[in-house]
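Supplied in structure tokens, the structure appears directly below.
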Amino acid sequence: MALKPEPTAPFHSVQYALRVLETVSKHGNGVTDAQISRETGLPTGHLASLLLTLRREGYVEQVSDGAYVIGASLLLLGSGAARRQALEDRLQHILTELRDSVGAAVYLSSYVDGEVSVTQVADGPLTPAVNEWVDFRSSAHASAVGKCLLAQLDHDGRRDHISRHRTARLTSRTITNEKILFSQLDAQSATVPVLDLQEYAVGTVCAAVPLTAGSAAGCLALSLPIEDAHRLRAAAETLSRRAAPVLLSLAL
């Protein structure tokens with residue numbers, strides 16, 4: 001006959017999980033499941049399923065020798081340098097997954113103190129990052145990243161940026177006319193990726209999608225060599241669909 005679960009079982013499970021996390025936290029260099037069992041009094045059978053759940057949720061991680069250490073999800077509940085590093089690591093992991101999903105280098109950018117800032121990049125041997133031959137801070141008018149960020153600013157914000165960064169012609173496709181540039185930015189839909197078709201660099205195409213949280217302007221972008229330009233729109237659509245997890249991580 002099947003046993004009926006006790007009403008307090010869920011609360012006991014939470015208590016057990018907290019005891020396990022406390023034990024793992026005490027052992028900075030890692031602790032084995034046998035040691036966790038001894039210190040918490042939990043039987044190994046119950047502990048195995050609990051550790052599996054905690055690993056799946058990212059609260060603990062298992063290192064190469066089989067020992068357990070605290071995971072990124074637990075660090076994110078803290079504060080200070082450890083939390084910032086955990087957040088960066090989590091974002092980098094998401095960007096790496098995006099890179100592999102779209103088959104292109106992926107960039108996380110934001111507009112901070114009046115400047116374009118590329119904060120994180122996920123690239124690789126098969127997905128090289130674009131050659132930053134002109135500082136991204138000075139080429140917002142030509143890059144997908146820059147145009148996506150400028151599109152999120154009001155008219156005065158854009159004028160202020162352009163007054164500090166001349167719209168130089170980087171390639172034959174670069175838009176240097178301020179009126180035309182602003183007109184294109186005004187017409188840009190938030191649901192449609194911003195494209196750079198060799199406007200920043202000859203031989204490279206890019207796309208960017210906005211990551212807007214409150215008044216902060218940010219974006220996700222990707223770059224491809226010109227020979228893969230036929231994949232740009234599909235890759236950009238994938239990037240747009242996958243933007244939510246990145247925004248969630250930023251919100252944390």
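Taking helices (runs of 4 or more DSSP H) that do not extend beyond region 153-252, which have at least 3 residues that are within 30 Å of Q92 (Cβ to Cβ) and out of contact with any strand residue (DSSP E or B) (no Cβ under 8 Å at 6 or more places or on another chain)?
Correct list: 232-241, 243-251.
Right, here's the next one. Before we move on, is L52 at pLDDT 80 or above, among the aliphatic types (A, V, I, L, M), open to solvent by 70 Å² or more (accessible area, probe 1.4 Å) and more than 30 Å from P210 (Cα to Cα)?
yes
Can you find even one residue in region 137-144 that is outside any strand (DSSP E or B) and either modelled with pLDDT under 95 or over 24 Å from S189 (Cβ atoms) (or both)?
Looking only at region 137-144, we keep the residues that are outside any strand (DSSP E or B), and these are 137-144.
Still in the list and also either modelled with pLDDT under 95 or over 24 Å from S189 (Cβ atoms) (or both): 137-138.
Yes.
Identify, from the list R90, R83, the residue that is under 13 Å from the mean Cα position of the chain (by Cα) and either modelled with pLDDT under 90 or open to solvent by 70 Å² or more (accessible area, probe 1.4 Å) (or both).
R90
Pairs under 6 Å by beta carbon, first residue without any contact (Cβ under 8 Å) to a residue 24 or more places away in the chain in region 198-221, partner surrounded by fewer than 24 Cβ atoms within 10 Å (Cβ to Cβ), six or more apart or different chains?
G203/I226
Also, quick follow-up: Starting from region 148-165, keep only residues that are under 24 Å from S223 (Cα atoms), then list their pairs with residues that are among the basic types (K, R) whose Cβ atoms are within a distance under 6 Å, requiring at least 6 positions of separation or different chains.
Cβ pairs passing all conditions: L150/R158.
Let me ask something additional. Filter region 16-32 down to residues that are within 13 Å of G66 (Cα to Cα) and open to solvent by 60 Å² or more (accessible area, probe 1.4 Å) and give me whichever is farthest from the chain's Cα centre (by Cα).
Looking at residues that are within 13 Å of G66 (Cα to Cα) and open to solvent by 60 Å² or more (accessible area, probe 1.4 Å), I get T32.
Could you tell me how many of the residues in region 33-55 are closer than 15 Å to I70 by Cα and hydrophobic (A, V, I, L, M, F, W, C)?
Count: 5.
The values are calculated or read from the model by the stated rules, or taken from the named source; none is laboratory data. None of these values were measured; they are calculated from a predicted model. For neighbour counting, all protein chains shown are included, and Cβ atoms are generated from backbone atoms with ideal geometry for every residue, glycine included. The area values use the complete protein model at the heavy-atom level, side chains included, leaving out ligands, DNA and RNA. Shrake-Rupley method; radii C 1.70, N 1.55, O 1.52, S 1.80 Å.
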